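Written below as structure tokens is the structure these notes are about.
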Amino acid sequence: MSELQGSQRPYHERALQHPHPVAKRLFQVAELKKSNLVISADFTDSKSLLTCADRLGPYIAVFKTHIDLIADFSDETVTGLKQLAKKHNFLIFEDRKLVDIGHTVQKQYHGGALRLSEWADLVNLSILSGDGIVEALDQTFTAADFPYRGQRALLLLAEMTTRGSRAVGAYTEQCVKLAPAYPDSVIGFVATRALTTPTPTGAGDFVVLSTGINMAAKGDALGQQYQTPQSAIARGADFIIAGRGIYAAADPVAAAIAYRDAGWGAYEKRIQRGDGS
């Protein structure tokens with residue numbers, strides 16, 4: 001797979017052309033807030049999670065959760081997330097990495113203990129269990145009685161930033177092959193780079209969210225490998241996901257602003273190439 005540079009069209013154009021309502025909203029939020037930042041909020045209690053969402057909400061496009069970390073998950077958690085998303089105009093991405101047989105995943109997603117379909121605009125999944133997982137969730141999304149039709153979307157976990165990741169090669173290629181077959185549910189990838197080239201009319205425009213963004217460190221003791229906002233955007237990321245570099249900083253708000261500005265500046269540089277400048 002060749003090294004692609006990502007879409008050089010601005011978010012507002014992609015919002016107009018993209019056929020999926022969630023992708024449209026994602027680009028619209030980014031354009032309005034001048035932010036392509038996703039905060040990875042890996043907290044273990046609802047108060048900390050919601051405090052983070054409230055403090056950093058003004059500076060982000062997406063709030064990413066690992067909701068199974070929340071020991072006191074309850075109605076208050078769900079209500080709080082939804083209220084703060086509306087207050088600060090951000091989308092919620094549950095980094096659940098669903099991976100099981102299709103029948104099980106349908107139950108985990110809609111009606112399970114974590115109630116994912118009620119509050120998560122975006123959920124990601126791995127195709128390690130086979131292509132059937134995508135088909136199963138697409139059936140859920142397009143069912144006549146699904147109460148959130150057009151309000152939810154999937155991301156395929158195509159690559160990871162951990163050392164020794166097996167999400168490479170044929171696995172990644174299969175993610176790229178599957179995505180166009182499910183336009184009602186799949187809007188993009190979690191990946192380290194651009195994986196597709198959209199046409200001038202916007203067909204095949206898949207959003208890329210890149211994890212492992214850190215402006216101060218190159219990795220951790222558990223195999224994580226970081227990249228900078230600038231390098232991620234240059235390689236095709238549309239949105240950058242940062243966690244500890246922001247919420248563990250001495251001043252998380254100042255850190256969020258710095259990451260937001262770095263990501264937005266890199267995005268503006270990339271779309272300038274599309275103007276021939």
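Quick note: the coordinates plus some simple rules give every number you see, no bench work behind them. Because the structure is a prediction, the values reported are computed rather than measured. Don't worry about glycine lacking a Cβ; one is built from the backbone with ideal geometry, like all the others, and counts go over all protein chains shown.
Placing a pseudo-label 7 Å from each Cα along the Cα-to-Cβ vector at Arg166 and Val99 gives an inter-label distance of 0.7 nm.
Oblate is the label for the stretch 127-204. Its Cα gyration tensor axes, ordered a ≥ b ≥ c, give a/c of at least 1.5 and b/c at or above a/b. Comparing Asp75, Asp238, Asp100 in a Gaussian network model of the chain where C-alpha atoms under 10 Å apart are linked, the largest mean-square fluctuation is found at Asp75.
Remind me, relative contact order of the stretch 1-157 in percent, using alpha carbon pairs under 8 angstrom and six or more residues apart?
Across the stretch 1-157, relative contact order equals 18 percent.
With only Cα atoms counted, the chain has Rg and Dmax values of 17.4, 52 Å.
Let me have the relative contact order for the chain, percent, based on Cα pairs under 8 Å that are six or more residues apart.
Details: 549 pairs, mean separation 59.2, N = 277.
Here the relative contact order equals 21 percent.
Could you tell me what percent of the DSSP beta bridges with both partners in the chain are antiparallel, to the nearest 5? Of all bridge pairs located within the chain, approximately 10 percent are antiparallel.
Counted residue by residue at 0.36 nm each, then reduced by the alpha carbon distance between them, the extension gain from Leu128 to Thr51 reaches 24.3 nm.
Among Lys86, Lys24, Lys64, the largest mean-square fluctuation in a Gaussian network model of the chain, built with springs joining Cα atoms closer than 10 Å, belongs to Lys86. Projected onto the charge dipole of the stretch 1-95 (+1 at Lys/Arg Cβ, -1 at Asp/Glu Cβ, origin at the Cα centre), which of Leu81, His20, Val38 gives the Cα projection farthest towards the positive end? Toward the positive end, the furthest listed residue is His20. About its Cα centre, the stretch 79-131 has a charge dipole of approximately 280 debye under the convention of +1 per Lys or Arg Cβ and -1 per Asp or Glu Cβ, with nothing else charged. In this rough spin-label picture, where each label sits 7 Å from Cα along the Cβ direction, the Lys86-Asp72 distance is 2.3 nm. Once you divide the Cα radius of gyration of the stretch 1-109 by 2.2 N^0.38 Å, the number left is 1.21. As an exercise, use a Förster radius of 45 Å and the Cβ-Cβ distance of Ala113 and Asp261 to find the FRET efficiency, rounded to the nearest 0.05. Given R0 = 45 Å and the Cβ-Cβ separation, E is 0.70. Let me have the 222 nm mean residue ellipticity of the chain computed from DSSP H runs of 4+ only, each contributing -39500 (n - 2.57), with the sum over all residues rounded to the nearest 500. Rounded to the nearest 500, it is -12000 deg cm²/dmol.
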